[in-house]
Amino acid sequence: MSAKRWAAAAACSVFLLFAPERGPAAQETIGRADRIQNTVTGSLEGRTRALSRGDNVFRDQRIRTRAHSTAQFRFADNTRLAVGANSSIVLDDAVFSGGGDEKLILKAARGAFRFASGSLRKKAYQVVTPSSTVGVRGTMFDVFVGSGGETILTLLQGELTACNGAGACQTLRDPCACLRIDQDGGFTSSTGLTRRILQGTPSARAAPFLHFQSHLLRSIQAPRWIVAKCTSGSGTDGQDTDGSGGNGGGNGGNNGGANGGGNGGTNGGSNGGTNGGSNGGTNGGSNGGNDGGTNGGNDGGTNGGSNAGGASGGNGNF
């Protein structure tokens, strides 16, 4: 091969190696995968591929995770999205330039997610579930979609408004304000993940990123005091907004600590809490130290991401 031909071939190889990634049918790139754990796929126009760290994601793409799998994405406006295990979400629409037309719409079909808004105008964001449409106001929040289409929202920072299919809406403004929207449009609200909100769903399943936050990049982690506040009443009847105290409320009553004693820490007892057992409680009880209780999940819970994620099935039209 002549020297000129060799040089041309080498230049072509370098171009192909570093050419920008293009999706199926040259779809618009709207973000990138920051972190992928185990099996995560992206489906678009009938084609499905495994995702890896650094891969582009595209408008209209459906992201799915399997058991023990999680994903974290960053979009062009610096919005961040974490996806728990056994979850499915569609990156429905995105416009990052165009003045008043800017928008980012995500459709969560099932599972657990954390959303932190980026630099677009506040009204540009929507998260749609089978039972609600969530408008975001400079916000970080967790969302869970169950097998029956029910939605559980946990506000961490900022403000959000959730509306049911009939157009009735409720606004959350305080950290750890929780709202459940059932498929029939019914609302249930509380401070923290109480039994009235969870209705049998384990707290670590409805809000896995509160219990195992160390698996998240720092840019999408909530402050620890917020995590402690949100999980201090997990699985109890305490702190309901209607004023009912219930058993083992925010201050623990006879159960010893916010969720300690026989309840076994953040999600203890039969639910297998982060650092459960009789030594639980908000601050780990007398024996918990820095590793116990509510804040244990922040430092990498016992089971990590293996318990994270949502319920299967129940996609409706999503």
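The values are calculated or read from the model by the stated rules, or taken from the named source; none is laboratory data. Keep in mind that this is a model prediction, so the values were computed, not measured. Neighbour counts are summed over all protein chains in view; Cβ atoms, including those assigned to glycine, are modelled from backbone coordinates with ideal geometry. Heavy atoms of the whole protein, side chains included, go into the accessibility calculation; ligands, DNA and RNA do not. Shrake-Rupley method; radii C 1.70, N 1.55, O 1.52, S 1.80 Å.
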> Expressed as a whole percentage, what fraction of the accessible surface of region 112-202 belongs to carbon and sulfur atoms when a 1.4 Å probe is rolled over the protein heavy atoms?
Replying inline: 42
> For SER97 and ARG173 in one chain, what is 0.36 nm times their gap in residues minus the Cα-Cα distance, to one decimal in nm?
Replying inline: 24.5 nm
> Applying 1/(1 + (r/R0)^6) with R0 = 22 Å to the Cβ-Cβ distance of LEU217 and GLU45, what FRET efficiency is obtained, to the nearest 0.05?
Replying inline: 0.15
>> What are the ³J(HN,Hα) couplings of region 143-148, residue after residue, when phi is run through the Karplus curve with 6.51, -1.76, 1.60 and θ = phi - 60°? Round to Hz, x for glycine and proline.
In response: 9, 10, 10, x, 5, x
>> I'd like the accessible area for ARG196: 1.4 Å probe, protein heavy atoms, all chains in place, Å² to the nearest 10.
In response: 90
> Tell me, what is the 1.4 Å probe accessible area of GLU45, in Å² to the nearest 10?
Replying inline: 110
> Excluding ARG110 itself, what net charge comes from residues whose Cβ is under 14 Å from its Cβ, given Lys and Arg +1 and Asp and Glu -1?
Replying inline: +4
>> Quick check for you: with a 1.4 Å probe and neighbouring chains kept, what is the accessible area per residue of region 128-171, in Å²?
In response: 26
